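Scroll down for the structure; my scribbles are underneath it.
The values are calculated or read from the model by the stated rules, or taken from the named source; none is laboratory data. Computed from a predicted structure; not experimentally measured. Because the Cβ atoms are built from the backbone with ideal geometry, glycine has one as well, and the counts that use them run over all protein chains shown. What goes into the accessible areas is simple: the full protein's heavy atoms, side chains included, and nothing from ligands, DNA or RNA. Shrake-Rupley method; radii C 1.70, N 1.55, O 1.52, S 1.80 Å.
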Amino acid sequence: GVVVDGGDWSLVGLAGQDLGRTSFTGVRLREADLAQAKAVGAVLRGCDLSGAWLHGTDLTRADLVGSELGAFDVSQPRLRGTRIDVAQAVAVATSLGLDVVVDVDDLG
């Protein structure tokens, strides 16, 4: 697998590639073409995925914790078991038009 720590990979073309054994940490992937990529179990931590093309991308069990998802369209990639953090979950829910309410009593 490929391990990338930092750098600017904006506009890179990785459409249809097998990225399952890759690890991107802190990488700028703005407007990267990841359409139809097979990124099952891939690590994309702390990456900027704003505007990335994700149509048909398989992100099953991928780790997206801390990544900037921008206007992330959850209908495009496969996301079953994908890891995101609480802030990302709120952003995704809000982008779907949901009103997120957090009751501190429910947090335990």
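Out of the residues in segment 72-105 that are more than 15 Å from Leu44 (Cα to Cα) and of a type in the set (Asp, Glu), state the one that is surrounded by the most Cβ atoms within 10 Å (Cβ to Cβ).
Among residues in segment 72-105 that are more than 15 Å from Leu44 (Cα to Cα) and of a type in the set (Asp, Glu), the one surrounded by the most Cβ atoms within 10 Å (Cβ to Cβ) is Asp73.
Please specify each residue of segment 17-45 satisfying the condition of being part of a loop (DSSP other than H, G, I, E, B) and open to solvent by 40 Å² or more (accessible area, probe 1.4 Å).
Gln17, Arg21, Gly26, Arg30, Glu31, Gln36, Val40
Taking the stated definitions as given, is Gln88 in contact (Cβ under 8 Å) with a residue 12 or more places away in the chain, closer than 29 Å to Gln17 by Cα and not in a loop (DSSP other than H, G, I, E, B)?
Against the criterion (in contact (Cβ under 8 Å) with a residue 12 or more places away in the chain, closer than 29 Å to Gln17 by Cα and not in a loop (DSSP other than H, G, I, E, B)), Gln88 qualifies.
How many residues, within segment 67-80, are touching a residue at least 12 places away in the same chain (Cβ under 8 Å) and hydroxyl-bearing (Ser, Thr, Tyr)?
Qualifying residue count, segment 67-80: 1.
Tell me which residues, restricted to segment 27-56, are on the phi > 0 side of the Ramachandran plot, more than 12 Å from the chain's Cα centre (by Cα) and among the small types (Gly, Ala, Ser).
Correct list: Gly56 only.
Determine, yes or no, whether Arg45 is touching a Ser or Thr at 6+ places or on another chain (Cβ under 6 Å) and more than 23 Å from Leu96 (Cα to Cα).
no
State the number of residues belonging to segment 58-79 that are at pLDDT below 95 and in a loop (DSSP other than H, G, I, E, B).
Of the residues in that region, 10 qualify.
With the structure loaded, tell me whether Leu64 is surrounded by 14 or more Cβ atoms within 10 Å (Cβ to Cβ), in contact (Cβ under 8 Å) with a residue 12 or more places away in the chain and in contact with a strand residue (DSSP E or B) (Cβ under 7 Å, 6 or more places away or on another chain) or whether it fails that test.
Criteria met by Leu64.
Does segment 8-24 contain at least one residue that is more than 14 Å from the chain's Cα centre (by Cα) and acidic (Asp, Glu)?
Yes: segment 8-24 contains one or more residues that are more than 14 Å from the chain's Cα centre (by Cα) and acidic (Asp, Glu).
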